[in-house]
Amino acid sequence: MKKIMLVGRSGAGKTSFCQAINDWAIEYKKTQAIEIVNNAIDTPGEYVENRALYKALIVSSVDADLIVLLQDCTNEQSIFAPAFASMFGKTTIGLVTKTDLAEDEKQISGARELLEMAGCEKIFEISNTQRTGIEEVKEYLDMQ
């Protein structure tokens, strides 16, 4: 599996995704600093929420083979500017998270659009708690 770096707003599901791909129990844990979890670099949401901390994301991305942007489908606001992924110069995929909490398909498609605008080459729809879509992402990461 390629080494990935997870980027997204606080509460988007980055740490839960790390737990899900490792088949661990999903437990809330606030990420305070960059953490390496097996083949994943889990970044704090504050790093993308505060432009002054973008440098930390760029430096951390050097160790990653693939960038993963996460967008919570229950949050209509995007933290990612158009072409956000281009600052990494690496393949970037997107995860639409919390699909089990979506009120309708419009929320999921809206999150997909935000990730497409951010520059994601491929987008997956997942639920960390229900484990839907997780195997598909793991298979993709194994093939990369």
Any residue at all in the range 16-26 that's among the acidic types (Asp, Glu) and either buried (at least 22 other Cβ atoms within 10 Å of the Cβ) or assigned to a strand (DSSP E or B) (or both)? no
Which number in (1) buried (at least 16 other Cβ atoms within 10 Å of the Cβ); (2) without any contact (Cβ under 8 Å) to a residue 60 or more places away in the chain; (3) within 15 Å of the chain's Cα centre (by Cα) marks the one condition that residue 46 misses? (1)
Find all pairs meeting these conditions: Cβ atoms under 8 angstrom apart; at least six residues apart or on different chains; first residue within the range 114-133 and more than 11 Å from residue 71 (Cα to Cα); second residue modelled with pLDDT under 95. 117/78; 128/26; 129/26
Modelled with pLDDT of 95 or more, surrounded by 20 or more Cβ atoms within 10 Å (Cβ to Cβ) and closer than 25 Å to residue 63 by Cβ: is that true of residue 85 in this structure? yes
Exactly one of (1) part of a helix (DSSP H, G or I); (2) without any contact (Cβ under 8 Å) to a residue 40 or more places away in the chain is unmet by residue 76. Its number? (1)
Between 56, 64, 85, which is among the hydrophobic types (A, V, I, L, M, F, W, C) and in a loop (DSSP other than H, G, I, E, B)? 64
If the requirement is being in contact with a helix residue (DSSP H, G or I) (Cβ under 6 Å, 6 or more places away or on another chain) and either among the β-branched types (Val, Ile, Thr) or buried (at least 18 other Cβ atoms within 10 Å of the Cβ) (or both), which of these qualifies: 123, 93? 123
Out of all the residues in the range 79-114, which are in contact with a Lys or Arg (Cβ under 8 Å, 6 or more places away or on another chain) and β-branched (Val, Ile, Thr)? 79, 93, 96
Close pairs from the range 10-22: first touching a residue at least 60 places away in the same chain (Cβ under 8 Å) and more than 15 Å from residue 100 (Cβ to Cβ), partner charged (D, E, K, R) and in a helix (DSSP H, G or I), Cβ under 7 Å, at least 6 apart: 21/138
Look through 64, 52, 85, 56 and report the one residue that is farther than 15 Å from residue 10 by Cα and touching a residue at least 60 places away in the same chain (Cβ under 8 Å). 64
Of the conditions (1) surrounded by 15 or more Cβ atoms within 10 Å (Cβ to Cβ); (2) more than 26 Å from residue 143 (Cα to Cα); (3) at pLDDT 95 or above, residue 78 fails just one. Which one is it? (3)
Condition check for residue 3: closer than 19 Å to residue 131 by Cα and among the charged types (D, E, K, R): no
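The values are calculated or read from the model by the stated rules, or taken from the named source; none is laboratory data. Values in this document were obtained by computation on a predicted structure and should not be read as measured data. For neighbour counting, all protein chains shown are included, and Cβ atoms are generated from backbone atoms with ideal geometry for every residue, glycine included.
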